[in-house]
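Input: a single structure, listed below in structure tokens.
The values are calculated or read from the model by the stated rules, or taken from the named source; none is laboratory data. In this text, all values refer to a predicted model and were calculated from it rather than measured experimentally. Using ideal geometry, Cβ is built from the backbone for each residue, glycine included, and neighbour counts are taken over all protein chains shown. The accessibility values were calculated without ligands, DNA or RNA, using every heavy atom of the protein model including side chains. Shrake-Rupley method; radii C 1.70, N 1.55, O 1.52, S 1.80 Å.
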Amino acid sequence: MNKSFQADQTINAWRILPRLAWKGIVGNGTVYYPYLGAGIVSVFIYFVFSSILHNDIIAILPKSAYAWIFLAIGRVLLGMILIPFLFYTNSFLIKRRKKEIGLYNLLGLEKKHIGIMMFTESAITYMIAVAAGIVGGTVFSKFLFLLLLRMTGLPVDVKFTFSFLAFGETAVFFLGVYAFCFLSNLIQVGRARPSELLAGGKKGEKEPGFLWLWAFIGFSALGTGYWIAVSSEADSMIFIHFFLAIFLVVAGTYFLFTSGSVAYLKLLKKRKGFYYKPSNFITISGMLYRMKKSAASLVNICIFSTMAMITLICTSSLYLGLGGMMDFNFPFDVDVFWQKIQMGENGEKIKAAELEQKYGVKIDPYLTYEKIALRCGQEGEKLGMAYDTSYIGHPYPGKNYDVNLLLLEDYNKIEDREIKLEDGEVLVFSSGPDYGYDKIIFFGNEFRVKEEPETFMIAPKSVNNKEGELFLIVKEEGVKKMLVKAWAEANGVEDVKGLLEGSHQAVRLDVKGEEEARGRFAEEFGDWCRNSPGCVRFENNLDWRSDWKSMYGGLLFIGILFSIVFIMCLVLIMYYKQIAEGYEDQNAFTIMQKVGMSDGEIKGTIHKQILIVFFVPLIGAVMHTCAGLVMVSKLFAVLRFFDIGLLVGCGAAVMTIFALFYGGSYVVTARTYYRIVSR
């Protein structure tokens with residue numbers, strides 16, 4: 001009889017478990033539905049990355065290597081972001097479910113039955129997220145693939161096929177993520193007693209130990225991170241400095257929010273006249289005992305806000321500034337450099353004119369000039385031996401320059417001017433920061449700088465270009481030979497004649513016409529030049545521009561998808577935090593009403609807490625973003641992006657729009673929070 005009864009009970013338990021699992025999901029929709037939504041969006045974006053990576057077309061398209069590499073790196077980074085994020089949101093979910101699970105345990109469900117119910121919930125959640133995400137990815141992958149092709153300048157008249165390999169990789173990856181979350185939940189519930197489960201959501205947090213020490217460490221780490229971001233130079237160490245600054249800012253933010261915030265609240269508590277006002281008393285007391293728990297969420301909100309803003313700023317700046325970057329780095333469509341002693345008599349000009357007629361294009365301008373480039377070190381007005389940069393950390397009194405010696409005749413022809421130089425006079429042009437001196441001493445030869453032109457057709461200028469070249473325009477051939485001889489003697493070069501004869505004759509031109517015709521012109525002209533005696537180097541800048549568009553287009557595409565991920569993470573963390581704290585504070589505010597606090601006083605207390613929860617992370621994120629933009633500008637300089645005005649404008653626009661979005665979230669969350677605590 002007992003065995004039969006136990007068997008019936010076991011059968012009934014197994015029958016009811018799936019219904020309990022489904023009821024748990026539906027009945028806790030306020031926490032489950034956003035979690036499902038986050039999972040669906042995560043699967044969708046991961047599947048899009050995988051589908052494009054495994055599409056045969058992306059592997060065979062010309063110039064698609066950059067896009068493929070960035071997508072592969074992006075998928076790895078995406079996984080590194082999604083795993084902790086989904087685990088973090090899952091922790092809010094299980095916290096909300098603990099009381100319900102504790103009741104099930106008290107009503108007779110064994111831990112193994114609860115484990116099966118939780119497994120069923122996880123399986124349902126996983127299947128819904130993966131199914132909906134992959135269906136959405138299948139529908140929109142082709143559109144996003146075509147968007148990628150358009151942004152990278154690749155051919156768009158290609159077919160996009162469904163990838164079963166992408167389907168398998170996505171399903172396996174998220175199976176691992178959801179299994180990890182389930183095991184974490186199972187361990188938490190399995191180790192807890194029913195009384196602990198019933199009070200799990202209300203468990204207090206201990207005050208951080210060594211409060212002032214950690215607050216000081218946080219302040220120091222944040223200050224050091226800001227200092228590195230602001231003071232770093234665009235050199236070989238810039239990327240190391242970048243990651244070090246990120247680490248210090250994240251660590252500093254964590255310690256300041258956990259320990260620094262508690263230390264600040266304790267200072268407020270000591271101000272008796274301020275602390276013992278009813279609304280302040282409740283606000284400060286509540287924040288003191290929960291700040292460590294709240295701080296973890298606030299840190300995540302602050303960091304994800306910063307990541308979202310930085311990503312959007314970089315993405316929009318690169319998108320809007322890509323044309324300017326290509327114009328700066330490739331001012332001409334075609335560059336050819338000839339060895340002067342072997343160069344034929346206008347052979348290249350005759351060939352260019354022939355091809356101009358053949359392809360129906362127009363060459364304008366067509367520039368030719370002679371130059372010789374010498375590596376020099378600058379210290380103030382003096383140009384001398386180049387500094388040894390073979391080891392890092394050596395203190396240099398100046399910087400190294402590529403100094404290009406040009407004749408005044410060529411300069412006047414290029415710029416269509418009729419400027420004249422007296423003996424001992426030169427023109428100086430820097431494609432980076434202005435030279436800025438009235439005289440120049442080149443290996444002991446002193447000249448007066450008659451003029452420093454603001455522009456030079458053959459060399460676009462930016463004061464932010466720290467690797468700029470210096471152009472020294474001299475009066476005549478004899479002066480140039482004298483300077484070359486002085487440089488050769490100082491550098492131990494005995495063959496001065498060979499150095500002079502090896503100077504380059506540059507031919508630079510733009511081709512106007514249809515894109516396909518321009519490309520064919522450059523390709524055939526390049527083949528002719530490379531097979532001609534004396535050709536040192538031929539550069540088809542139309543191809544280079546196409547490579548850059550493909551490379552940065554891939555970055556822009558990834559930036560857009562990552563911006564969506566960061567904003568999704570941010571919004572969900574904000575939502576869960578307020579929902580969780582609303583349920584935690586529900587009983588506390590019921591007691592406040594019973595002891596005589598009015599609705600107005602309760603609302604005032606709520607608004608103060610939500611203002612702290614929302615706007616302290618926003619202020620921190622804006623500060624981090626402003627400091628980060630200084631380093632971003634230096635990283636962009638390495639990528640040859642020098643339009644700081646555009647970067648600042650995009651930064652101001654993104655931060656303003658983001659603050660408005662943040663404010664809207666505050667209004668919605670304040671209403672939701674008050675609706676929960678006032679039930």
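So the values come out like this:
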read-out: Residue in the range 313-340 that is nearest to Leu542 (Cα to Cα), counting only those that are part of a strand (DSSP E or B) and not acidic (Asp, Glu); value: Val334
read-out: So Gly534, is it in contact with a helix residue (DSSP H, G or I) (Cβ under 8 Å, 6 or more places away or on another chain), in contact (Cβ under 8 Å) with a residue 12 or more places away in the chain and open to solvent by less than 50 Å² (accessible area, probe 1.4 Å); value: yes
read-out: Of the criteria (1) surrounded by fewer than 17 Cβ atoms within 10 Å (Cβ to Cβ); (2) under 33 Å from the mean Cα position of the chain (by Cα), which one Gly436 fails; value: (2)
read-out: Options Lys413, Lys420, Lys371, Lys349: the member that is assigned to a strand (DSSP E or B) and either modelled with pLDDT under 85 or open to solvent by 60 Å² or more (accessible area, probe 1.4 Å) (or both); value: Lys371
read-out: Test: residue in the range 163-176 that is under 30 Å from Ser546 (Cβ atoms) and modelled with pLDDT under 75; value: yes
read-out: Failed condition for Cys376, given (1) assigned to a helix (DSSP H, G or I); (2) at pLDDT 85 or above; (3) surrounded by 18 or more Cβ atoms within 10 Å (Cβ to Cβ); value: (1)
read-out: Unmet requirement for Glu452, which otherwise passes all of (1) in contact with a Ser or Thr (Cβ under 8 Å, 6 or more places away or on another chain); (2) closer than 23 Å to Phe330 by Cβ; value: (2)
read-out: Breaking point among (1) open to solvent by 20 Å² or more (accessible area, probe 1.4 Å); (2) out of contact with any strand residue (DSSP E or B) (no Cβ under 6 Å at 6 or more places or on another chain); (3) free of Cβ contacts under 8 Å to residues at least 40 places away in the same chain, for Gly444; value: (3)
read-out: Answer residue from the range 309-339, given it is touching a His at 6+ places or on another chain (Cβ under 8 Å) and under 24 Å from Gly519 (Cβ atoms) and is surrounded by the fewest Cβ atoms within 10 Å (Cβ to Cβ) among those; value: Phe337
read-out: Filter pass, Lys480 being at pLDDT 90 or above, among the charged types (D, E, K, R) and open to solvent by less than 80 Å² (accessible area, probe 1.4 Å); value: no
read-out: Filtered residue count, the range 542-551, keeping only those that are modelled with pLDDT under 75 and open to solvent by 10 Å² or more (accessible area, probe 1.4 Å); value: 1
read-out: Which listed residue is at pLDDT 75 or above and in a helix (DSSP H, G or I), from Gly554, Gly519, Gly604; value: Gly519
read-out: Residue within the range 566-584 that is within 30 Å of Leu509 (Cβ to Cβ), of a type in the set (S, T, N, Q), assigned to a helix (DSSP H, G or I) and at pLDDT below 75 present; value: no
read-out: Test: residue in the range 300-318 that is farther than 30 Å from Gln578 by Cβ, modelled with pLDDT of 80 or more and touching a helix residue (DSSP H, G or I) at 6+ places or on another chain (Cβ under 9 Å); value: yes
read-out: Matching residues, the range 621-651, being surrounded by 23 or more Cβ atoms within 10 Å (Cβ to Cβ) and either over 16 Å from the mean Cα position of the chain (by Cα) or of a type in the set (Asp, Glu) (or both); value: Phe642
